[in-house]
Amino acid sequence: MAMVPYEEGGGWAARQLHRPSATFHFASRTIRLQQDWRRLGVAAVVWDAAVVLCAYLEMEGIDLRDRSVIELGAGTGLLGIVVTLLGARVTITDRAAALEFLESNVQANLPPELRPRAVVKELTWGKDLDNFPPGAFDFVLGADIVYLEETFAELLQTLEHLCSEQTVILLSCRIRYERDLKFLKMLRDRFSVYEVHYDSSKDVHIYKAQRGSCKDDF
């Protein structure tokens, strides 16, 4: 589940999180997502890192047509929905408690002809990885999933299982704490990692990781 810190009583940003819905425009479509902070907390609101990664994928013109993509810690499903609209075949994952909510957003925002291209599936990092074919994905995506230090080893194990030599990992995150940098160091011990984008207005970084040397293109 995409986990990020939050404190009650914040300003405008906090009010956005407590709204029952959020609207975005990507891939020439309007996407309306339900939010439910009170019931599901951080998994049921849209975070800036997801918005920034969606914009990056679209503006950079990364060719996702018929590519096999998996999203980790999908939360509201924004990223997985946008990637499906951009032509990919997407496995959208989160922990069991978030799946019904996630599925409802995905079904509500994809036209009927695209719904078979998006599969919502349970994935708790480091567990039951045999349910996912090793190295079968072209892209592994995650937005604001680097936060809880106790999940870092399982997240890294999951990335290693899902990735082949050709798989591209794109992680979008805000670096809030020293422990976030610790995960990046762990990632660099197993993958080649480069920062490919920084949104200064939202203080969000996008990192690209691959086994071996990162290629310049996608």
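The values are calculated or read from the model by the stated rules, or taken from the named source; none is laboratory data. In this text the structure is predicted, and so the values were computed from the model without any measurement. Cβ atoms come from the backbone with ideal geometry, glycine included; neighbour counts cover every protein chain shown. Just the protein is used for accessible areas: all its heavy atoms, side chains included, with ligands, DNA and RNA removed. Shrake-Rupley method; radii C 1.70, N 1.55, O 1.52, S 1.80 Å.
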Semi-axes a, b, c in Å (a largest) for the stretch 112-218, each sqrt of 5 times a Cα gyration tensor eigenvalue, come to 22, 17, 16
Accessible area per residue in Å² at 1.4 Å probe, computed on the chain: 47 Å²
Just to be sure I follow: if Rg is taken over the C-alpha atoms of the chain and Rh is the Kirkwood radius over the same atoms, what is Rg/Rh? 0.93
What part of the accessible area of the stretch 59-121, given as a whole %, is carbon or sulfur when the probe is 1.4 angstrom? 49 percent
In sequence order, calculated HN-Hα J values of the stretch 66-78 (Karplus, 6.51, -1.76, 1.60; Hz; x Gly/Pro): 6, 7, 8, 10, 10, 10, 9, x, 6, x, 6, x, 3
Of Lys127/Lys202; Lys121/Lys182; Lys185/Lys208, which ones are farther than 23 Å apart at the Cα? Lys127/Lys202; Lys121/Lys182
Using θ = phi - 60° and the Karplus curve 6.51 cos²θ - 1.76 cosθ + 1.60, what whole-Hz ³J(HN,Hα) does each residue of the stretch 91-99 get, with Gly and Pro shown as x? 9, 9, 10, 6, 6, 4, 5, 9, 5
Kindly identify the stretch 68-120 as rounded, prolate or oblate by the Cα gyration tensor criterion: order the square roots of the eigenvalues as a ≥ b ≥ c, call it rounded if a/c is under 1.5, otherwise compare a/b with b/c, prolate if a/b is larger, else oblate. oblate
Under unit Cβ charges (Lys, Arg +1; Asp, Glu -1), what dipole magnitude, rounded to 20 debye, does the chain have relative to its Cα centre? 340 debye
I'd like the distance separating the alpha-carbon centroids of the stretch 54-111 and the stretch 140-204, in whole Å. 18 Å
Of the listed peptides 48-56, 114-122, what is their order by residue-averaged count of other C-beta atoms within 10 Å, with the highest listed first? 48-56, 114-122
Residues whose built amide H sits under 5 Å from the amide H of Val196, excluding neighbours closer than 5 in sequence, are Ile206, Tyr207, Lys208
By accessible area of protein heavy atoms, probe 1.4 Å, what ranking do Ser201, Ser28, Ser192 get, highest first? Ser28, Ser201, Ser192
